[in-house]
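Below is one structure, written out as structure tokens; comments come after it.
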């Protein structure tokens, strides 16, 4: 899962990046020569830990999230480099300033949300207009032309593509364009240190809901300090600040929800591992996340709930207790399923 962080100058985007990754980074996109900070974070999953305690595998592998601290908007808007970088991620995270700046200017997160929305709509509209002109000239794909006309109308009405009700085939048709306003967008309201445990203001929460966006609030400077502590120190400090978990955990949970992802698990002596798969994935498609050969040669899936496997202690005991099921191609993978795929190629 690749997530790109964007935001206006001064919103604390690089500090949020540090809070999520635990990395000490250089702030200021321009001072970095327009280069993105990149950090990979393992997604904490106590279910993987519980399975590893049983199997004692050679490897324990967690799902990973890659964070890219991309460019933000300024008076001249998003530059081309930043726009292109935004197209290469699975989801976008817009950092909003929720504190007074150095000059004492109060935050205006609603204006920042609108500014990014306008920039991304214009960027998508430029691509759509170019493609529509080409298809109208050569008549090579009437179905795509009709879809792009609908998308063009949506963008011209200053509405995002993500708010459109597109079918699976239509989404597949638009996938190569990597439209920015089709990407899931998570808002992170970066609060002042004294507001570390505060909820987002009602007007920001209402706007996020209206636009169908995810939203969490955090104080990036405090959270970056927490992220660089040992686990024991983290817990003690979190409790003292009135927090139950670090920002990273809250962020990843919100991102999984926004991307509509669940976790499929595999367990054995070689490795215990978590695999992010789209909610609603059938067994063969989920198997393809492991390897395309498994999807192509899928025979069946042997499935057990992780709680049953932890409680009973082995697949053999789960089988004896009737907790291990054999499922076919139509089975929809559930969050927390421990799956062993049988295949032949």
Using a 7 Å offset from the Cα along the Cα-to-Cβ direction at both residue 171 and residue 149, what is the distance between the two label points in nm, to one decimal? 2.5
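Contact order normalised by length for the stretch 224-345, with contacts defined as Cα pairs under 8 Å and 6 or more residues apart; what percent is it?
27
Arrange 264, 229, 1 by Cβ neighbour counts within 10 Å, fewest through most, would you?
By the 10 Å Cβ count, ascending: 229, 1, 264.
With a cut-off of 8 Å between alpha carbons and a minimum separation of six or more residues, what is the relative contact order of the stretch 280-343 in percent?
Computed value for the stretch 280-343: 49 percent relative contact order.
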Order of 55, 17, 341 - criterion: other Cβ atoms within 10 Å of each residue's Cβ, fewest first: 55, 341, 17
Report the FRET efficiency, 1/(1 + (r/R0)^6), for residue 307 and residue 137, where r is their Cβ-Cβ distance and R0 is 51 Å, rounded to 0.05. 0.30
Per the C-alpha gyration tensor (a ≥ b ≥ c, the square roots of its eigenvalues), the chain is rounded if a/c is under 1.5, else prolate if a/b beats b/c, else oblate; here it's oblate
Need the full-extension length gain, residue 209 to residue 257, defined as separation in residues times 0.36 nm minus the C-alpha distance. One decimal, nm. 15.9 nm
Please work out how much length the chain gains when fully extended from residue 332 to residue 285, using 0.36 nm per residue of separation minus the C-alpha to C-alpha distance, in nm with one decimal. 16.0 nm
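Would you mind ranking 277, 16 so that the residue whose beta carbon has the fewest other beta carbons within 10 Å leads the list? Don't skip to the answer; put the middle values down first.
On the way: 277 21, 16 26.
Going from least to most buried by this count: 277, 16.
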Beta bridges by DSSP in the chain, antiparallel share as percent, to the nearest 5: 50
First measure r as the distance between the Cβ atoms of residue 296 and residue 194, then evaluate 1/(1 + (r/R0)^6) with R0 = 56 Å and state the FRET efficiency to the nearest 0.05. 0.50
So what's the gap between the Cα centers of the stretch 210-275 and the stretch 164-188, to the nearest angstrom? 25
Once the Cβ-Cβ distance between residue 319 and residue 156 is put in as r, and R0 is 45 Å, what FRET efficiency do you end up with, to the nearest 0.05? 0.15
Under 16 Å by backbone N from the virtual spin label 7 Å along Cα-to-Cβ at residue 225, the residues of the stretch 233-261 are 233-243, 246-247
In nm, give the distance between the simple-model label positions of residue 105 and residue 163, each being 7 Å from the Cα along the Cα-to-Cβ direction. 2.6
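Quick note: the coordinates plus some simple rules give every number you see, no bench work behind them. Since this is a predicted model, take the numbers as computed values, not measurements. For neighbour counting, all protein chains shown are included, and Cβ atoms are generated from backbone atoms with ideal geometry for every residue, glycine included.
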